[in-house]
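Comments concern the structure below.
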Amino acid sequence: MRNVVIIGSGPAGYTAAIYTARANLSPLLIEGLQVGGQLSITTEVDNFPGFPQGVMGPELMESMKKQAARFGTEFLPELVTKVDFSARPFRLYTDEQTIETKTVIICSGASARMIGIESERKLVGYGVSTCATCDGYFFRGKEIVVVGGGDSAMEEATFLTKFASKVTVIHRRDKLRASKIMQDRAFKNPKIEFIWDTVVDEIDDVETKNVTSIKLTNLKTKEVRDFKCAGVFVAIGHDPNTQIFKGQIALDDNGYVLTHDGTKTSVPGVFAAGDVQDHVYRQAISAAGSGCMAAIDAERYLEGLEH
């Protein structure tokens, strides 16, 4: 029987592990498919406090993992495939075993939706990004593109004009899905231009590990052309990794875990932290902060059980 099991191994999961381990709760952290979460596929992280020269994403995650291990966190390199929160103790299922626990901290994160082309995958962190706040600074004075047409795309495009000399928004339709206020802001910005009815088919150059241009296809005219740019920001949304929690805890319309009073979910004893419940900030530092909160919430819940 476990006191606490943490699902997921990004900044939220590792921070929750550090705090619960220091509270002598002997946490088990189930790492999932992408050990280190979204930061494991990021190159330089310049906005995490305490690293004046910046730090590589995988290196930051490895440091967090070592810190959690130092206090006695146990790691399980498996994937949770099913959960049962209907009875106590809670049950978590992997391909190999069933785990019983008094509390659960869900830190399974979210995955950025991608265009889905091979060159995009190979150039993530080398000019292809899904986070303007994280990477915009690296594109000072350069021409870049944003792919998407919703609020997040307009937000990213507007933010990127602080650094880039020009931002071109590429959208597959002839009008935006973004809210009126976000559209107006983007249309009024002299640095933002739009290419309509168009998709990105290829990103160059995989060989040099550097974005130099993209291949575009107009969906109406079928015209194919090359478009020079130094970076590609994909802003077509995120999907929270919550499929296994459907029907077990309350989720919002987009699948994010609903939390109240800190990190509490609709089931007492189950907590959630990081991008799995945060679709607003989505930063490593805010995820780590909520991982700390979830650990403290879980510790207090367990104290309450004892009394």
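The values are calculated or read from the model by the stated rules, or taken from the named source; none is laboratory data. Computed from a prediction, not measured in an experiment: that's the story for all the values here. Don't worry about glycine lacking a Cβ; one is built from the backbone with ideal geometry, like all the others, and counts go over all protein chains shown.
Here are some notes:
- Of all residues in segment 161-199 being aliphatic (A, V, I, L, M) and out of contact with any helix residue (DSSP H, G or I) (no Cβ under 8 Å at 6 or more places or on another chain), the one that is farthest from LYS228 (Cα to Cα): ILE181
- Within segment 196-225, considering residues that are of a type in the set (Lys, Arg) and part of a strand (DSSP E or B), the one surrounded by the fewest Cβ atoms within 10 Å (Cβ to Cβ): ARG225
- Residue match in segment 212-228 (condition: touching a helix residue (DSSP H, G or I) at 6+ places or on another chain (Cβ under 8 Å) and either in the same structural domain as GLN38 (by TED's automatic domain parsing) or closer than 27 Å to THR42 by Cα (or both)): no
- Residue satisfying all of: in segment 287-307; in a helix (DSSP H, G or I) and without any contact (Cβ under 8 Å) to a residue 12 or more places away in the chain; farthest from ALA12 (Cα to Cα) among these: GLU306
- Scanning segment 241-285 for residues that are buried (at least 16 other Cβ atoms within 10 Å of the Cβ) and without any contact (Cβ under 8 Å) to a residue 12 or more places away in the chain gives a single hit, LEU251.
- Test: residue in segment 149-161 that is surrounded by fewer than 18 Cβ atoms within 10 Å (Cβ to Cβ), in contact (Cβ under 8 Å) with a residue 40 or more places away in the chain, out of contact with any strand residue (DSSP E or B) (no Cβ under 8 Å at 6 or more places or on another chain) and not in a helix (DSSP H, G or I): yes
- Some residue of segment 91-112 being over 21 Å from ALA273 (Cα atoms), under 24 Å from the mean Cα position of the chain (by Cα) and at pLDDT below 95: no
- Looking across segment 1-52, just one residue is within 21 Å of ILE99 (Cα to Cα), assigned to a strand (DSSP E or B) and of a type in the set (D, E, K, R), and that is ARG2.
- Residue count for segment 276-307 under the criterion of being at pLDDT 95 or above and in contact with a Cys (Cβ under 9 Å, 6 or more places away or on another chain): the result is 5.
- Index of the failed condition, ALA68 passing every other in (1) within 22 Å of ALA230 (Cβ to Cβ); (2) in a helix (DSSP H, G or I); (3) in contact with a strand residue (DSSP E or B) (Cβ under 8 Å, 6 or more places away or on another chain): (1)
- Of residues in segment 33-66 being aliphatic (A, V, I, L, M) and farther than 17 Å from THR133 by Cα, the one surrounded by the most Cβ atoms within 10 Å (Cβ to Cβ): MET61
- With respect to the conditions (1) surrounded by 13 or more Cβ atoms within 10 Å (Cβ to Cβ); (2) without any contact (Cβ under 8 Å) to a residue 24 or more places away in the chain, ALA186 lacks only one, and its number is (2).
- Positions within segment 180-195 being closer than 15 Å to PHE233 by Cβ and either within 26 Å of the chain's Cα centre (by Cα) or assigned to a strand (DSSP E or B) (or both), in sequence order: ALA186, ILE192, GLU193, PHE194, ILE195
- Evaluation of ARG177 against (1) over 19 Å from ARG121 (Cα atoms); (2) part of a loop (DSSP other than H, G, I, E, B); (3) more than 24 Å from the chain's Cα centre (by Cα); (4) not aromatic (Phe, Trp, Tyr) (one fails), failing number: (3)
- Tally, over segment 232-283, of residues that are within 29 Å of TYR126 (Cα to Cα) and among the aliphatic types (A, V, I, L, M): 7
- SER86 vs. criteria in a loop (DSSP other than H, G, I, E, B), outside the structural domain of VAL128 (by TED's automatic domain parsing), touching a Phe, Trp or Tyr at 6+ places or on another chain (Cβ under 9 Å) and hydroxyl-bearing (Ser, Thr, Tyr): no
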